1. If I take the Cα coordinates of the stretch 67-118 and project them onto the principal axes, what are the three extents in Å, biggest first?
2. What distance in nm separates the simple spin-label points at residue 261 and residue 196, each placed 7 Å from Cα in the Cβ direction?
3. By the scheme Lys and Arg +1, Asp and Glu -1, what is the net charge of all other residues having a beta-carbon under 15 Å from that of residue 332?
4. May I ask you to order 9-15, 160-166 by the average number of other C-beta atoms within 10 Å around their residues, highest value first?
5. Sorted from fewest to most neighbouring beta carbons within 10 Å, what does the list 170, 308 look like?
6. Please list 318-331, 71-84, 144-157, 105-118 highest first by mean number of surrounding beta-carbon atoms within 10 Å per residue.
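No lab work stands behind these numbers, since they all come straight from the coordinates. Predicted, not measured: the structure shown is a model, and the values here were computed from it. Neighbour counts run over all protein chains shown; Cβ positions are idealised from the backbone, glycine included.
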Amino acid sequence: MFKSLQNIFGIAELRHRILFTLMMLAVYRIGCHVPTPGVNGQVLASFFEGTQGTLLGLVSAFTGGALERMTVFALGIMPYISASIILQLLTVVFEPVERLSKEGEQGRKVITRWTRYGTIALSVVQGAGIAVGLQSMRGPAGDPVVPDQGIAFIILTVITLTAGTAFIMWIGEQVTERGIGNGISLIIFAGIVANMPSAIVNSIRLLRTGALPPVTMLFLLLAMVVVVMAIIFMERAQRRVPIHYAKRVVGMRNHGGQSSHLPLKINMSGVIPPIFASSIIMFPATVANFVDVDWVQQLAGMMTPSHWLYNVFFVAFIVFFCYFYTAVTFNPVDVAENVKNQGGYIPGVRPGKPTSDYLDIVLSRLTFAGAVYVSVVCVLPTLLIGQFNVPFYFGGTSLLIVVGVGLDTASQIESHLISRSYEGFMRGATIKGRRG
């Protein structure tokens, strides 16, 4: 372990990327404690008491407690994710956006710019809804959350929250470009992990007071360990489709005749489906929690992680985004054409369209298995924790995001290490060959 850490910090570029990532995440965590002007923090904290296990508590966990404290980062990164979902859907149903996505780097830059504009627009809408809702909220003693109400407070809150989301978006893009790992996923990861110390302290306090039986706590810890092991196993599992390459004679040499495989992961979409599904459900429900209307409050009360309606929508969105994201990232027709052009074939399957149809069938079955796995991991632990009535924010969705992002980041670090070792080895061999 120590040798691996020494190797990581022994490479200057990798060391700079890791330190830059940590620095950006530290800036994000500092911003999660800068309050929004005009909000009475004590009265707001009393409103959030007892929201553990509700959708509002889940949103607060995703933002690292920024929503609960109503800081400048209260909206978190969810508006950016919602804008990304809209643009990705448009690439499938709207031909001009689809053409842009196929124009290489220039097209991706245009889509990225549109995503930023969409993020700002969604932040303005959400910020206005939250600002209006805050003015109607009162604490247990009847004290208003916003002492000085009016249009000035709404405008100031919208500008503050929108600027905070824009800054988080910039941090995520900088981490992706100059750091290590996916910046947006790491921001969500940091927000979830930041609540771990308080959850541990609360659990210890409940154990001491007897409110949480030791047997229940032991069962929950074992369940979390089992879920983490299942996530690691399923995230690394893959179906290897064998590919054989025919022999070709070029000049006086034979080329090909080798065997390889095409790795197809069971969960090819990673943590994207639960993040996207949570974002879609959180967008209207978060605003609904701040609207003081009876039927809106009843609807918001039904959209809690322990309610069947929330879980039905959540599972439906997870399954949809598993298939949608897999279809966007993997095209069986293009893969079959590339294999055919390289002289390869799948044993027992003819090249061309039969190969693409075969890959499509295999991929559909794997995606279904992956969707079931993600749905079970995201829903089942949350339901169990709700039944035991314990103060755990660390539900199945959070576990999947934390473990998945951790595995992806570790894989990128490992790729940097292997790449560096491989380049160093080849550089020495090249020099030696030239001398010979």
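1. 43, 20, 12
2. 3.3
3. Around residue 332, the charge tally is +2.
4. Descending packing order for the listed peptides: 160-166, 9-15.
5. 308, 170
6. In descending order of packing, they fall as 71-84, 318-331, 144-157, 105-118.
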